[in-house]
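Novice: I'd like to ask you about the structure that follows.
The values are calculated or read from the model by the stated rules, or taken from the named source; none is laboratory data. If you're wondering where the values come from, they're calculated on a predicted model, not measured in any experiment. A quick note on method: Cβ atoms are made from the backbone with ideal geometry, for glycine too, and the neighbour counts reach across all protein chains shown. Remember, those area values only see protein heavy atoms, side chains included, never the ligands or the DNA or RNA. Shrake-Rupley method; radii C 1.70, N 1.55, O 1.52, S 1.80 Å.
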Amino acid sequence: YSTPPPHLDFRAFVSALRSDNDLADIDAEVDPRLEVAAITRRAYELQSKAPLFNNVKGAHDGLFRILGASGGLSSDPQYPYRRLARHVGLPPTSSLGDFIDTMLSAKGKEPIPPVHVGTGPCKEHKLFGDNIDLTKLPAPLLNKADGGNYIQTMGINIVQHPTKPWVNWSIARAMVLDKTRLVGLIMKPQHIARIYEQWEESGKDMPFAIALGAPPIAVMVSSMPLPEGVTESEYVGALCGEPLELVKCETNDLYVPARSEIVIEGTLSITERAKEGPFGEMHGYSFLDEESVQPIYNVKAITYRGGNAILPISVPGRATGPDETHTLIGTLASAEIRQLLQENGLPVLNVFTPYETQVIWAAVQIDRKKLWTLKTNAEDFCRRIGDLIFRRKCGMQIHRLLIVGDDIDPFNFKDVIWSYASRCRPGMDEYHFEDVAAYGLVPYMSHGPGTKVTGGKVVANCLLPHEYNQEQLWVTCDFENGYPEEIKEKVLRRWTEFGL
Ligand SMILES: CC1=C(C(=O)O)[C@@H]2CC(C)(C)c3c(C)c(C)cc4c3N2[C@@]12C(=O)NC(=O)N=C2N4C[C@H](O)[C@H](O)[C@H](O)COP(=O)(O)O
Ligand SMILES: [K+]
Ligand SMILES: [Mn+2]
């Protein structure tokens with residue numbers, strides 16, 4: 001059969017990274033205990049090639065190779081977002097704006113439900129019963145403070161609402177607990193937690209599947225905070241303009257992408273819980289006192305692709321070189337926030353969560369000419385935006401919003417911080433929200449001075465009062481804006497002649 005494009009087949013995605021010269025094949029034996037993760041973490045921080053560990057110590061029977069940094073920035077400074085572009089079939093020259101536009105391009109389109117096929121690559125090998133021993137798999141230890149080996153950091157957690165036709169795909173971490181059990185974070189208000197609550201009420205354990213090495217575009221949509229009730233696989237279909245091919249699980253009625261590398265299936269207990277973590281999380285901290293007690297995943301089957309299946313991993317941490325918890329979670333939340341604001345008629349051009357803020361802040365870029373027509377002021381405008389975003393799930397991970405003008409590029413942190421530093425007057429230009437749901441993982445919430453699950457959010461107005469109703473009263477003093485075109489052309493023409 002013809003090989004699908006990289007955004008629909010993880011192995012084709014790996015080959016594409018290799019042909020992009022953005023993959024390092026590591027055939028020497030590497031230890032899944034910390035060594036694999038340390039290499040991956042440094043690969044993020046140096047924006048090097050994605051490491052593919054073809055010889056993982058302890059791997060056997062085709063389980064497994066490990067790919068790190070699948071969503072990191074690419075090693076070619078000319079194409080920093082090429083690895084993200086490959087996830088969604090965009091050209092290597094794509095910008096983050098192009099990526100966000102693409103992820104929103106199916107909004108308003110008819111969903112395209114997946115099709116069910118009889119079999120697929122993920123069915124080439126099957127393990128049941130005593131053949132399942134998770135402690136014998138080379139599941140990686142990702143950080144020296146982690147409380148377990150996190151086998152699930154880049155797979156899709158698939159769960160179905162017990163009564164409604166809603167199948168949710170998301171990413172939620174899980175670590176090996178023992179031979180046949182995992183334990184993982186099930187955090188409100190995430191959809192996996194909402195659906196889990198329904199199963200608790202029904203009195204039955206929740207069937208689950210974790211599809212690792214799933215089609216890259218499906219991983220992107222799984223990391224996107226689509227509205228409640230939306231079946232992610234149908235949004236993927238609408239994005240692709242064609243249905244995704246799924247196969248049925250062996251031990252429950254869930255369906256998984258046929259081309260997945262590894263599928264772990266079973267039931268999430270509504271009674272058994274265990275200690276989970278500590279875990280190096282998306283803000284760059286691993287708190288040693290993390291008392292996370294979470295539901296237990298009882299594994300009933302593992303199926304996997306031949307030819308040495310590949311386990312993708314994410315090693316969250318400081319975004320000095322962003323990892324998937326920044327490039328996916330931040331960028332995709334930005335997309336949904338932009339959608340929400342534009343749907344509510346606000347003059348918003350783009351939204352982005354700067355990596356330098358560990359995707360805790362989001363810059364909201366305003367079309368100032370359109371702003372004038374609203375005949376509004378900073379207080380009303382900022383409160384309206386805060387009320388929309390801070391009271392919706394897509395805004396849950398954001399604690400500071402920066403309202404910036406269209407002279408500011410939200411994807412350029414130097415622009416964003418210049419306008420925040422110079423136009424947002426402390427004590428008058430920040431509008432606080434203490435009655436909204438907080439993001440509990442943010443260190444100043446989980447280990448801060450105040451409340452833990454509410455508040456700590458703010459909208460910073462980075463527009464001067466006159467920008468709300470007239471042209472800016474200043475010339476920006478930089479090369480781009482401070483000089484007439486003919487001077488700039490003359491300077492550029494003579495630049496090398498001057499030996500500058
Ligand atoms: C917060 C999360 C993580 C953490 O920081 O530890 C952990 C790290 C890993 C696994 C690497 C990770 C990666 C690599 C990516 C890309 C996303 C996440 C995670 N993990 C967490 C998790 O364990 N629990 C959680 O509730 N949400 C997580 N998200 C974010 C969600 O996937 C996202 O919010 C989706 O939108 C949710 O889907 P819906 O509910 O909207 O359908
Ligand atoms: K999702
Ligand atoms: Mn969802």
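Novice: Of all accessible surface on the chain at a 1.4 Å probe, what whole percent is carbon and sulfur? Provide the component values of the computation, followed by the final result.
Specialist: Details: 10870 of 20680 Å².
Carbon and sulfur together cover 53 percent of it.
Novice: A follow-up question, please. What does the extension gain come out to for residue 500 and residue 488, with contour length at 0.36 nm per residue minus their alpha carbon separation?
Specialist: That works out to 2.8 nm of additional length.
Novice: Given +1 on the Cβ of Lys and Arg, -1 on the Cβ of Asp and Glu, and no further charges, what dipole in debye does the range 100-233 carry about its Cα centre, rounded to the nearest 20? Each step should come with its number before you reach the end.
Specialist: Values: 13 positive and 13 negative charges, 27 e Å.
The dipole of the range 100-233 has a size of about 120 debye.
Novice: Give me the net charge for the shell around residue 54: Cβ to Cβ below 11 angstrom, other residues only, Lys and Arg +1, Asp and Glu -1.
Specialist: Overall, the nearby charge balance is -2.
Novice: Hey, can you grab everything whose amide H is under 5 Å from the amide H of residue 166? Only 5+ residues off in sequence or another chain; H modelled, so Pro and N-termini drop out.
Specialist: For residue 166, the qualifying residues are 161.
Novice: Based on the mean of other Cβ atoms within 10 Å per residue, sort peptides 479-490, 439-450, 259-270, 84-95 so the most packed one is first.
Specialist: By packing density, highest mean first, the sequence is 259-270, 84-95, 439-450, 479-490.
Novice: Within the set of other residues whose C-beta is less than 15 Å from the C-beta of residue 487, count the net charge using Lys and Arg as +1 and Asp and Glu as -1.
Specialist: Cβ neighbours under 15 Å give a net charge of -1.
Novice: Order these peptides, 380-392, 106-118, by their mean beta-carbon neighbour count within 10 angstrom, highest first.
Specialist: 380-392, 106-118
Novice: Determine, at each q value in 0.06 (inverse angstroms), the log₁₀ of I(q)/I(0) that the Debye formula gives when each Cα of the chain is one equal point scatterer.
Specialist: Debye output, listed in q order: -0.29.
Novice: Something else: Along the positive direction of the dipole of the chain (beta-carbon charges: Lys, Arg +1; Asp, Glu -1; about the Cα centre), which of 60, 419, 10 reaches farthest?
Specialist: 60
Novice: About the Cα centre of the chain, what is the dipole size in debye to 20, counting +1 per Lys and Arg Cβ and -1 per Asp and Glu Cβ, all else neutral?
Specialist: 220 debye
Novice: Hey, another quick one. What does DSSP give for the chain in terms of the percent of beta bridges that are antiparallel, rounded to the nearest 5? Don't skip to the end; give the middle numbers.
Specialist: On the way: 52 of 74 bridges.
So the antiparallel bridges amount to about 70 percent of the total.
Novice: Something else: What is the log10 of I(q)/I(0) for the range 166-243, computed with the Debye formula using one identical point scatterer on each Cα and no solvent, at q = 0.18, 0.27 Å⁻¹?
Specialist: With one equal scatterer per Cα and no solvent, log10 I(q)/I(0) is -0.83, -1.41.
Novice: I need to check one value: relative contact order of the range 1-154, counting alpha carbon pairs closer than 8 Å and at least 6 residues apart, in percent.
Specialist: Reported as a whole number, the value is 22 percent.
Novice: On to the next question. Have a look at 371, 267, 477 and report the one farthest towards the positive end of the charge dipole of the chain, computed about the Cα centre with Cβ charges (Lys/Arg +1, Asp/Glu -1).
Specialist: Of the candidates, 267 comes out farthest on the positive side.
Novice: With a 10 Å radius around each residue's Cβ, average the other Cβ atoms per peptide and rank 465-471, 10-16, highest first.
Specialist: On the way: 465-471: 14.1, 10-16: 21.4.
Highest to lowest by the protection proxy: 10-16, 465-471.
Novice: Suppose every K and R has +1 on its Cβ and every D and E has -1 on its Cβ; what is the size of the dipole of the range 425-479 about the Cα centre, in Debye to the nearest 20?
Specialist: 320 debye
Novice: Around residue 93, with a cut-off of 11 angstrom between Cβ atoms, what is the net charge of the other residues, counting Lys and Arg +1 and Asp and Glu -1?
Specialist: -1
Novice: Moving on to the next point. Helix-only mean residue ellipticity at 222 nm, the chain, DSSP H runs n ≥ 4 weighted -39,500 (n - 2.57), per residue, nearest 500. What is it?
Specialist: On the way: 14 runs with 126 residues, N = 500.
Dividing the helical sum by the residues of the chain leaves -7000 deg cm²/dmol.
Novice: For the range 8-13, what does the Karplus curve 6.51 cos²θ - 1.76 cosθ + 1.60, with θ = phi - 60°, yield as ³J(HN,Hα) per residue in whole Hz, taken in order and with x for Gly and Pro?
Specialist: Once rounded to whole Hz, the list reads 10, 8, 4, 5, 5, 5.
Novice: Pairs to check: 109/300; 300/452; 136/164; 414/490; 57/204; 136/188. Give those whose C-alpha atoms are more than 28 Å from each other in this structure.
Specialist: Check vs 28 Å cut-off fails for 109/300; 300/452; 136/164; 57/204; 136/188.
Novice: Oh, and also: Would you calculate the volume per residue, in Å³, of the smallest convex hull containing every Cα atom of the range 248-306?
Specialist: Per residue, the Cα convex hull of the range 248-306 comes to 129 Å³.
Novice: I'd like to know which of 190, 172, 202 lies farthest towards the positive end of the charge dipole of the chain, counting +1 on Cβ of Lys and Arg and -1 on Cβ of Asp and Glu.
Specialist: 202
Novice: What whole-number distance in Å separates the alpha-carbon centres of the range 186-221 and the range 12-63?
Specialist: After rounding, the separation between the Cα centres reads 28 Å.
Novice: How large is ³J(HN,Hα) for each residue in the range 30-41, as worked out from phi by the Karplus curve 6.51 cos²θ - 1.76 cosθ + 1.60 (θ = phi - 60°), to whole Hz, x for Gly and Pro?
Specialist: 10, 7, x, 7, 6, 5, 4, 5, 5, 5, 5, 4
Novice: May I ask for the distance between the Cα centers of the range 277-295 and the range 384-399, given as a whole number of Å?
Specialist: Going from one Cα centre to the other spans 24 Å.
Novice: Once you keep just the Cα pairs under 8 angstrom separated by 6 or more residues, what percentage relative contact order results for the chain?
Specialist: Values: 1128 pairs, mean separation 71.0, N = 500.
Once normalised by length, the contact order is 14 percent.
Novice: Same structure again: In whole Å, how far is the Cα centre of the range 465-493 from that of the range 71-148?
Specialist: Each part reduced to its Cα centre gives a spacing of 42 Å.
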